[in-house]
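Let me begin by presenting the structure, written as C-alpha cells, before commenting on it.
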Amino acid sequence: MKRCPVCGSAVEPVVPLGRMPLANGFLRQEDFPSEYFFQLTLGFCEGCAMVQLVENVPREKMFHAEYPFFTASSTRMAEHFRAWAEQVARERLSAPRSFVVEIGSNDGTLLQVFATAGISHLGVEPSANVAAVAQSKGVNTVCRFFDEKAARDIVREHSEADAVLAANCFCHIQDLHTLAAGLQVLLKPKGVVIFEDPYLGDIIERVAYDQIYDEHAYYFSLASVTHWLSRHGFEIVDVQPQATHGGSMRYVVARCGELNATSQVDVQRRKETTLGLHSPETYRQLNVNVRRSRDELIELLQRLKRHATRVVGYAATSKSTTVLNYCRISTDLLEFISDTTPIKHGRFSPGMHIPVRSHKEFQAPYPDYALLFAWNHADEIIEKERAFCQAGGQWITYVPRVEVLDYATS
Ligand code: DWN
Ligand code: ZN
C-alpha cells in the first residue's frame, strides 16, 4: 500500500490502466527486448485530496538527453507562453534588476520572451537535449533537476527570484517536499510562484484518462495543492483557469500573509466541492467512464477496419501511449502515427510498437481517418489540415467522447 507523500495517509488505487511503458519511450526495433514497463494506476488520497500515481518511475528514465518533447511544437502554445511572459513582466517584474526563474524550462519557449526583453532569467531543465535548444536561443539554462540544493546554488550564483514560473512541470516532480523547500529558498520576500498544470476537474469531466502516464506523478486540484503548500508556509492567492491541454489551472502562490488572496480562490474551492473532488466515489465513477471510453474507441476502430478504411494516428503524444496500451491498439487497427518531431521519426511507439513517421507521410496520400492524439491542440491542427478534410478525410477523437468529427465540408 502506498502512503501519500503529502500527508502520509493510505492512497486508494482508483483507476488501474495496466502494464505500461514510458509515455515518451519512443524506441528503435533493436530496443524492443529491453523495453521498460511498470503498473500504471491512478490513486486517490482521502487525507489531502491529492490524486497521484500509485507506482512512480525513476525520474532519470523519463528525463534525459534524448527527451523527445519540445514546447515549441505547438504554435498556439508558444503564443500562450508569450502572453503569459508579457503579463508576468508587466505585473511582477517592475523593479530594476528583477530576476525570473523557470523550473522545467524545456526548449526555452517561455523564457525567450524575457531574454529578448533583456530581463535577467534562468531556466532549470534536466533533459540535456532540450536544454541545449534553449541555450542556442540565448536562454540562460542550467541542466539539472530542481530541488532544495539546486535552489541554494541558484541563490548563491545569481540571486533570489522575484518570480518563479513553471508550466506543466510541478505535476512531474515526485518529491513535492524538496520542491516546496526549494521554492522557500529561492523566492524573494513578497515574490510569487506561478505555476500551471492540467486541472484534475477537467480530466475527470472530460474523461481525459490519457493525461495519466508516468511523467504525471500528480493530478492537481486547488484542494490538494493547498494541502501541500500550506505545509511549507505558502498560500494560494489566485487561481486562473486556462484552456490549454484540455483544461489547466494556473496557481499564484505567495508566502503566508504576504499578499491578499483574490475572491476567485473561494469561488474555485466551492466549485471543487460541487465537482466532488474530495470524494472517492468520483474516482470510482471515473474508472467506469474510462472503461466505457476504451470500449467505444476499440469498437469504432474495429468497425472501420471491417470496411477496409485507412486509419492513421495524428501526433505521437505522450498521451497516445496510455490510450494505445490501455486499449491494446496495434498496427492491425492503426497503420502508423504521423508526428512533426524529427527525433521520433523512424522509431516505434512505446509498448504497441506502431511506426512513427513524418508529417509528409500523412499527406501522401491522405488516410480516410486520422485518430487525433493531440486533441488538446485540435483547433490549431484542424485549421492547418483543412486539405485533409477537403480530400474527404475525417478526424476521430476520444475526448470528451469517442466520435468522428464533422468537418468534412469545412
Ligand atoms: O506535460 C507534458 C506536456 C506539456 O507535453 C509532458 N509530460 C509531455 C508533453 O505531452 P504530449 O506529448 O502529450 O504533448 P502535446 O503537446 O499534446 O503533443 C506534442 C506532440 O504532438 C509532439 O510530438 C508534436 C506533435 N504534434 C504534431 O505532430 N503536429 C503537435 C502539433 C501541434 C502538430 O500540429
Ligand atoms: Zn495525502
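A short reminder: the numbers here are calculations on the coordinates, not readings from a lab. Fair warning: this is a prediction, and the values are worked out from it, not measured in the lab. Reconstructed Cβ throughout: ideal geometry from the backbone, glycine too, with neighbour counts over all protein chains shown.
Results, tabulated for the structure shown:
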quantity: Considering residues of the stretch 45-59 that are assigned to a loop (DSSP other than H, G, I, E, B) and either more than 18 Å from residue 17 (Cβ to Cβ) or charged (D, E, K, R) (or both) only, the residue farthest from ligand 2 (Cβ to nearest atom); calculated: 58
quantity: Candidates 57, 15 - the one that is touching a residue at least 60 places away in the same chain (Cβ under 8 Å), out of contact with any Asp or Glu (no Cβ under 9 Å at 6 or more places or on another chain) and not acidic (Asp, Glu); calculated: 15
quantity: Qualifying residue in the stretch 17-35 (condition: in contact with a Gly (Cβ under 9 Å, 6 or more places away or on another chain), assigned to a strand (DSSP E or B) and surrounded by 19 or more Cβ atoms within 10 Å (Cβ to Cβ)); calculated: yes
quantity: Close pairs from the stretch 238-254: first on the phi > 0 side of the Ramachandran plot, partner of a type in the set (S, T, N, Q) and surrounded by 21 or more Cβ atoms within 10 Å (Cβ to Cβ), Cβ under 6 Å, at least 6 apart; calculated: 245/376; 246/376
quantity: Extreme residue, farthest from the chain's Cα centre (by Cα), among residues of the stretch 310-328 that are surrounded by fewer than 24 Cβ atoms within 10 Å (Cβ to Cβ) and part of a loop (DSSP other than H, G, I, E, B); calculated: 310
quantity: Residue that is farthest from ligand 1 (Cβ to nearest atom) [pool: residues in the stretch 369-387 that are not in a helix (DSSP H, G or I) and not hydroxyl-bearing (Ser, Thr, Tyr)]; calculated: 371
quantity: Condition met for residue 63 (of a type in the set (A, V, I, L, M, F, W, C), within 23 Å of residue 358 (Cα to Cα) and within 16 Å of ligand 1 (Cβ to nearest atom)); calculated: no
quantity: Candidate set: the stretch 234-254, residues that are in contact with a strand residue (DSSP E or B) (Cβ under 6 Å, 6 or more places away or on another chain) and among the charged types (D, E, K, R); chosen: the one farthest from residue 401 (Cα to Cα); calculated: 238
quantity: Residue in the stretch 203-251 that is nearest to ligand 1 (Cβ to nearest atom), counting only those that are within 22 Å of residue 78 (Cα to Cα) and part of a helix (DSSP H, G or I); calculated: 245
quantity: Hey, residue 370 small (Gly, Ala, Ser) and without any contact (Cβ under 8 Å) to a residue 12 or more places away in the chain or not; calculated: no
quantity: Any hit, the stretch 166-174, residues being assigned to a helix (DSSP H, G or I) and in contact with a Phe, Trp or Tyr (Cβ under 6 Å, 6 or more places away or on another chain); calculated: yes
quantity: Residue tally, condition part of a loop (DSSP other than H, G, I, E, B) and crowded, with 24+ Cβ neighbours inside 10 Å, over the stretch 335-350; calculated: 2
quantity: Any hit, the stretch 322-334, residues being within 16 Å of ligand 1 (Cβ to nearest atom), under 22 Å from residue 18 (Cβ atoms) and among the β-branched types (Val, Ile, Thr); calculated: yes
quantity: Contacts under 8 angstrom Cβ, first residue in the stretch 112-131 being at negative phi and part of a strand (DSSP E or B), partner charged (D, E, K, R) and surrounded by 22 or more Cβ atoms within 10 Å (Cβ to Cβ), 6 or more apart; calculated: 121/102; 122/102; 123/102; 124/102
quantity: Residue within the stretch 275-283 that is on the phi < 0 side of the Ramachandran plot, more than 14 Å from ligand 1 (Cβ to nearest atom) and of a type in the set (Gly, Ala, Ser) present; calculated: yes
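Matching residues to (1) among the β-branched types (Val, Ile, Thr); (2) surrounded by fewer than 24 Cβ atoms within 10 Å (Cβ to Cβ); (3) closer than 24 Å to residue 326 by Cβ; (4) in contact (Cβ under 8 Å) with a residue 12 or more places away in the chain:
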site: 184; (1), (2), (3), (4): no, yes, no, yes
site: 188; (1), (2), (3), (4): no, yes, no, yes
site: 196; (1), (2), (3), (4): no, no, no, yes
site: 200; (1), (2), (3), (4): no, no, yes, yes
site: 207; (1), (2), (3), (4): yes, yes, yes, yes
site: 220; (1), (2), (3), (4): no, no, yes, yes
site: 223; (1), (2), (3), (4): no, yes, no, yes
